[in-house]
Each structure stands twice: as structure tokens, then as C-alpha cells.
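The values are calculated or read from the model by the stated rules, or taken from the named source; none is laboratory data. Since this is a predicted model, take the numbers as computed values, not measurements. Cβ placement follows ideal geometry from the backbone for every residue including glycine, while neighbour counts extend to all protein chains displayed. The protein model used for the area step is the full one, side chains on, heavy atoms only, and it has no ligands, DNA or RNA in it. Shrake-Rupley method; radii C 1.70, N 1.55, O 1.52, S 1.80 Å.
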2 protein chains.
Amino acid sequence: MPVGTAATVKGVAVPQLAATGAEMVLANTYHLHLQPGEAVVAEAGGLHRFMGWQGPLLTDSGGYQVFSLGAINRIDDEGVTFRSPRDGARIALTPERAMAIQMALGADVAMAFDQCPPWPASESVVAEACRRTHAWLERCVAAHARPDQALFGIVQGGCYPALREESARRVAAFDLPGIAVGGVSVGEPVEEMHRIVRQLGPLLPEARPHYLMGVGSLREMAVAVAQGFDLFDCVLPTRLGRHGAALVGGERWNLRNARFRHDHTPLDPGCPCLACRQHSRAYLHHLIRTEEMLGCTLLSLHNLTTLLRFTTAMARAISEGNFSEAFAPWEQDSPAAHTWAACG
Amino acid sequence: MPVGTAATVKGVAVPQLAATGAEMVLANTYHLHLQPGEAVVAEAGGLHRFMGWQGPLLTDSGGYQVFSLGAINRIDDEGVTFRSPRDGARIALTPERAMAIQMALGADVAMAFDQCPPWPASESVVAEACRRTHAWLERCVAAHARPDQALFGIVQGGCYPALREESARRVAAFDLPGIAVGGVSVGEPVEEMHRIVRQLGPLLPEARPHYLMGVGSLREMAVAVAQGFDLFDCVLPTRLGRHGAALVGGERWNLRNARFRHDHTPLDPGCPCLACRQHSRAYLHHLIRTEEMLGCTLLSLHNLTTLLRFTTAMARAISEGNFSEAFAPWEQDSPAAHTWAACG
């Protein structure tokens, strides 16, 4: 899922987004609550109509942003109180409020309100966050009353296997249509994330979609898909694009680099995106050097297309029964650029 | 002609630009000379290939930017010396150099190197700029050696009718495929511009395209088309778009205004652009308020589409023989919003 924080994937128009191969898009409840406010989105007929995206949409619960971005006043079992970065107003977010906001936004999938502890955090802090996350999930389930919207629970537990196992068991016990793993991609070493994914994969209910939150790098997605994960989101492709970086052959290239000044070949000859079909590395270098918006847009389109070609290729390999062979090099932390052949 | 200063119409991808109805695009010699440099563009196979625009392209001569943006060291009959704003390097621009740069850029139309005096300027200053402009035109014609590229001469003369008349006569005397009027839209009152256009229209050779430089507001284009002008360029549609303003029904609307917060209707229901077809005023307001790039792109697309619908409607009215009736209200400085019917 490309990330459309404020009901727009930054710098990308809806037809361009569709052309990247994107099917499902994520939007941020925290940001949309602050601006324009869920009432405006509801008036418009919901998030699909408001942002003009007809495909599936998911909203996060706002919890992650409150904990990572907000000026928090208080966290207790009731919920979280923080100051709006826009006008300093006190805002209280509770499981019930998070559900009400997401029901008003009207995405296809809403996420439970959870407490995501920072990394590193002691076992007792993470245990407390787990306890709260499970209690809040019960309240989310009770408050969620929109039958046309799915609610996903979130597994927490940090880097503590016993807490992860208990959280997976407790969240899976709710009869919800999907299950997410949070508290990854929060600064922990990548090996730690792999370990969590390999531990949890077999523990999650096979029939329900698994969503690994905040993860979107190629190898980590391959590792997680091998463990049964289905959904990912990541700001990386658009954030890198805005900073002049392109994902090519599994590497990050800085298009500002002088080595591209005279390079009139396509960014990635095998890529079907607008940047690669219609422009050269020298042109993209020029756009980034002159700080032209179009440079950010074209690199964002390329990076989104690259990630979505990768996930599409994994889906195809699974349906053709050869995922293990085609994507084994990615899973094994080995240099895997040669498996780009699988991404057609 | 939408303005693509640095070989990109700001914030607009090439397929989006084509969808606005744009046929011909202007790029700035001054900016492209500084970055990436005409050698890079020539290596790429010329400006069309470099920027991915297959339609006609025109480059200005760089003169206007040197006089308006540059830190000028010296102007004399030989040319202009200025300091590069990028690295402080001394750059000399002469008629021969301006031709060499534009030949390397390879647009379909190159412009003569002229001296555009500021407004206001005394008659003697403008007379001196005219004398130099005519002398430089002779050197441009001698230096221009690319038969697949048209060279247009530029009429100067400020607000002085006798100087304008003499300049028109001198420039028309060269056997060039097009003729431009410069030194308008440089700060003079709009009535002054109308007077210049009405004076020069009948004096310019009818068979050759007339280009009114730097003009792109609706009424001024209608006034000029009535006098036989064919080509215009203006940064206004994209500059307004980047600042959150939309051209609707002949007015400028500031989409940041709170009155749009709950307005879920299309920006302009009659407009076929992406912003109007797929989004609402409330969404555009939200994008501008949150400073999302997409807001700038969508408003730029709308403003370009609006201006190009207007010029297309004028072209159609001319070919159908009813320009005078359909566009009379625009020519007469009267409120003309009702003539939007003519723009289909």
C-alpha cells in the first residue's frame, strides 16, 4: 500500500497512482483528523470520494502518529491526550474516538487503536503496552459499528518473543477479518524484525490477511511473504523520491550525483513507469538539481512502480507455485539483484 | 504556450501537459544555459528528447532574463556580461552566443537576442535599446545557421509609438518566418499594452505569425487576437497554481480561503481537467492548506486547461467566422464571464 498520509500520495495524481500498479492505499487517521477533520471527509461521502481513489483504502488508527509525533500530555488506560501541532488544542484519543473517526473517514479497513512502544523499551514497558493494546482492542471491537468496513487487530510485543506470542494469541482470539503486526520498523535492527516475522508467521490464523505495518523494503517484504504476510505499507518509495533517490536493481541511487549528468539512458530500462519510459537519467538529474517538483513526482512514480512490480511478481510466483525458488535469494539475505528477472 | 522554464512546466508531467490541450511549449534559454547547459541538452538529441515533449517548442533568447534577473556587469553594443547566480562565474551573452545556445538546444523556434528596457524608461533609453535590438537582429540572422529551426525577430519600442512603428518596420524588413512583440507585460498599465497591441497589429506582416511575448491573461489575449496575434506565453497559470489560485469564470479564486472547506462541488463544472473531473473544491482547499504538492499540480493543470480552452475557442471562432461577435465582450473591457459559453 502506497502511503497517502493526508489523503494524497505525495506528488502523485490518482491516474498516475493507478498506473504504478497500486491497488490498495493507506491514509493516516491522525493527519486527517487534524486537517481537514473527519467531518469534512464524511460530508464528501467518505475518503474514496474525497480523494478520488476508487480502489481499497485502509486507515491506520492514529495511535502510531500520536506516540511518535504528538506532544503527549497523558497516556492511561482510558486513552491518550495530546496537543494538536496545528493549534495547540488538547485532543483526547481513545479506542472509541479512534473508531468513530475511522468510521467517519469510511475506508474499507480500519485499524484498532493500539499502543506502540518505542524501541528499545524494557520488557515491563512493552508488557504494559501489550496489556493496554489488548484491552483497547476489546473496546474497539465493541465501538466499531460499520458493517461495510473491516476492522483489523494489531499484535504488539516488541522484541520479546513471549510477549509477541501472547499478543498474537489474544488478538487472533477476536473474530476479526484481518490481523496486523505492529511495533516493527520502529528502529530495531533488521535481523530483529526478521526474527519477529519468522516467529509470528506460523502463529497467525492462516485464513485471515496478515498485515506487517510500516514495512516496505524489498528483502523484508520477501521474508514476510514467505511467512504468510499479505499486506505492507511504507512511506519509503515516495519519501526517497522527494529526496531525489531512486530504487534501481535493489540499490538506492542518488540522482543528484554528478555521474548522471551526461547519462542519457533510461533510469531502469526494464521498468514501465513514466520516468523510465519517457525520460533519461540526465533529465531526472537535471530536475533534482534544479529542485523541480516534477523530479520528485517522477522518482516517486518510479519507486512505487518498482515496489509494486516486486509484490506483484511475488503474488504471481505464489499462484504459479514457484515462490520459494524465485524469491529464495531475497529471503536468505544474499545479494539478490539477479532475481529481478522474476519481476518481469 | 505554457512556460517550461527549466525544460519542465512546473509540477506537470508530459502526459498531463498534453491533456491540457497544450500544443507548443516555451523553454528559457537563460535557465537552460545555466543548468544543465546546452551541451547536455544537445547530447540528449535536443530539447524535445531531453524533456520528452514531442510537440513544437520555442526558446526565448535569454535576453529578458539577463536584463530582469541577472547581476549585470556591462551592456554595450557587443552584448551583455553578467554573473551566474549559480556560481558567480562571468558569462558573456552576445547575439552570436544566444544563437549558438539556441541552435544547440534545438527548439523549433529560436528568438532573436534583444534588449528589453525596463518600464518606465525614458524615450532616449528606449531608442538606444531599439537601435541595439535592430543591430543585434542583423547579427542573429547572420549567425543563425540551423535550417530546421525558425528564427523570430522582436519588436521593441516601449510605450513610444514612433519607436514602436520604426521597430516594427525594421524587424519586418528581415525575411524571417515570424515576428514577436517584446517589451510588453513588463509593468506598464494594461491600457498601455492594449494601445501598443492595437497600434502594432495593423503594422505587422499579415502572413507571418505574430507572437506577443509574456502575455497570457484572457482579456489581453482576446484584444491581441483581434489584432492578428497568434502566439502567447505566460507563467501565470502555473505560478498561480503553485500559489493556490485557480482561474474560474474569468476570476482568480484563492483555494486557501475557508469558504471552500465544505464545498464539495467541482472547481469548475464545465472544465474537463483532472482537478475538475475527479476532485472537489474542498479537496483542493485541503491540499493547499496542507501544502501538498498535488494541490499545486492540480491547480496548474486547471489553469493551463482554462487558458488553452480560451485560446482554442478563439481559434475555432476565427475558423467559423464569428470571432468578432463571440469575443467582443472580452475586447471591450466589459465584464465578459458570460462569453465562457463560447469556450465550450
Segments classed as strands (runs of 3 or more DSSP E), wholly inside region A:75-136, with at least 2 members that are without any contact (Cβ under 8 Å) to a residue 24 or more places away in the chain: A:80-83, A:90-93
Unmet requirement for A:SER167, which otherwise passes all of (1) among the polar types (S, T, N, Q); (2) under 19 Å from A:LEU69 (Cβ atoms); (3) buried (at least 24 other Cβ atoms within 10 Å of the Cβ): (2)
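Restricting to region B:65-74, count the residues that are open to solvent by 60 Å² or more (accessible area, probe 1.4 Å) and either at pLDDT 80 or above or closer than 15 Å to B:ALA129 by Cα (or both). Talk me through it step by step, then tell me what you get.
First, the residues of region B:65-74 that are open to solvent by 60 Å² or more (accessible area, probe 1.4 Å): B:68-69, B:72-74.
Add one more test, that the residue is either at pLDDT 80 or above or closer than 15 Å to B:ALA129 by Cα (or both), and what stays is B:68, B:74.
Summing the residues that are open to solvent by 60 Å² or more (accessible area, probe 1.4 Å) and either at pLDDT 80 or above or closer than 15 Å to B:ALA129 by Cα (or both) in region B:65-74 gives 2.
Right, B:ILE91: among the β-branched types (Val, Ile, Thr), more than 20 Å from the chain's Cα centre (by Cα), closer than 20 Å to B:PRO36 by Cα and open to solvent by less than 30 Å² (accessible area, probe 1.4 Å) or not? Even if it seems obvious, please write down each step before you answer.
Numbers: among the β-branched types (Val, Ile, Thr): yes; more than 20 Å from the chain's Cα centre (by Cα): yes; closer than 20 Å to B:PRO36 by Cα: yes; open to solvent by less than 30 Å² (accessible area, probe 1.4 Å): yes.
Spelling it out, B:ILE91 is indeed among the β-branched types (Val, Ile, Thr), more than 20 Å from the chain's Cα centre (by Cα), closer than 20 Å to B:PRO36 by Cα and open to solvent by less than 30 Å² (accessible area, probe 1.4 Å).
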Any helices (runs of 4 or more DSSP H) falling wholly within region A:248-330 and containing at least 3 residues that are more than 14 Å from every other protein chain (Cβ to nearest Cβ): A:293-319
Residue match in region A:196-204 (condition: in a loop (DSSP other than H, G, I, E, B) and at pLDDT 95 or above): yes
Pairs, first more than 18 Å from B:ARG195 (Cβ to Cβ) in region B:153-175, second basic (Lys, Arg), C-beta under 9 Å, six or more apart: B:GLY153/B:ARG170; B:ALA172/B:ARG208
Residue list for region A:183-210, restricted to those being touching an Asp or Glu at 6+ places or on another chain (Cβ under 7 Å) and surrounded by 18 or more Cβ atoms within 10 Å (Cβ to Cβ): A:MET193, A:HIS210
Filtered residues of region B:225-247 (kept if open to solvent by less than 50 Å² (accessible area, probe 1.4 Å) and either part of a helix (DSSP H, G or I) or closer than 19 Å to A:VAL41 by Cβ (or both)): B:VAL225, B:ALA226, B:LEU236, B:PRO237, B:THR238, B:LEU240, B:GLY241
Hey, A:ARG86 in contact with a helix residue (DSSP H, G or I) (Cβ under 9 Å, 6 or more places away or on another chain), open to solvent by 20 Å² or more (accessible area, probe 1.4 Å) and within 24 Å of B:LEU301 (Cα to Cα) or not: no
Within region A:282-301, considering residues that are free of Cβ contacts under 8 Å to residues at least 60 places away in the same chain and surrounded by fewer than 24 Cβ atoms within 10 Å (Cβ to Cβ), the one nearest to A:PRO272 (Cα to Cα): A:ALA282
Hits in region B:133-164 (condition: open to solvent by 30 Å² or more (accessible area, probe 1.4 Å) and among the basic types (Lys, Arg)): B:ARG139, B:ARG146
Close pairs (6 angstrom Cβ cut-off, 6 or more residues apart or separate chains): charged (D, E, K, R) in region A:250-277, not in a loop (DSSP other than H, G, I, E, B) anywhere: A:ARG252/A:ALA245; A:ARG256/A:ILE288; A:ARG261/A:HIS285; A:ASP263/A:ARG281; A:ASP263/A:ALA282; A:ASP268/A:VAL248; A:ASP268/A:CYS276
Where B:GLY62 falls short, out of the listed (1) more than 25 Å from B:LEU218 (Cβ to Cβ); (2) buried (at least 19 other Cβ atoms within 10 Å of the Cβ); (3) within 13 Å of chain A (Cβ to nearest Cβ); (4) in contact (Cβ under 8 Å) with a residue 40 or more places away in the chain: (3)
A:THR297 vs. criteria touching a Leu at 6+ places or on another chain (Cβ under 7 Å), of a type in the set (Val, Ile, Thr), under 29 Å from A:VAL9 (Cα atoms) and at pLDDT 95 or above: no
Failed item in (1) touching a strand residue (DSSP E or B) at 6+ places or on another chain (Cβ under 8 Å); (2) crowded, with 16+ Cβ neighbours inside 10 Å; (3) under 18 Å from A:ALA92 (Cβ atoms), with A:MET51 passing the rest: (3)
Scope region A:1-53; condition modelled with pLDDT under 95 and more than 12 Å from chain B (Cβ to nearest Cβ); matching residues: A:TYR30
Matching residues in region B:308-327 - criterion: being open to solvent by 20 Å² or more (accessible area, probe 1.4 Å) and either closer than 30 Å to A:LEU294 by Cβ or of a type in the set (Ser, Thr, Tyr) (or both): B:LEU308, B:ARG309, B:THR311, B:THR312, B:ALA315, B:SER319, B:SER324
From the options B:GLU188, B:GLU220, residue that is over 23 Å from B:GLY55 (Cβ atoms), in contact (Cβ under 8 Å) with a residue 24 or more places away in the chain and either over 20 Å from the mean Cα position of the chain (by Cα) or part of a helix (DSSP H, G or I) (or both): B:GLU220
Unmet criterion (only one of (1) open to solvent by 40 Å² or more (accessible area, probe 1.4 Å); (2) in contact (Cβ under 8 Å) with a residue 12 or more places away in the chain; (3) within 13 Å of chain A (Cβ to nearest Cβ)) for B:PRO56: (3)
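Can you tell me which residue within region B:10-32, out of those that are part of a loop (DSSP other than H, G, I, E, B) and either under 13 Å from B:LEU47 (Cβ atoms) or among the basic types (Lys, Arg) (or both), is most open to solvent (accessible area, probe 1.4 Å)?
At the first step, the residues of region B:10-32 found to be part of a loop (DSSP other than H, G, I, E, B) are B:10-13, B:20-24, B:28.
Filter once more, keeping what is either under 13 Å from B:LEU47 (Cβ atoms) or among the basic types (Lys, Arg) (or both): B:10, B:24, B:28.
Values: B:LYS10: 58, B:MET24: 36, B:ASN28: 8 Å².
Out of the qualifying residues, it is B:LYS10.
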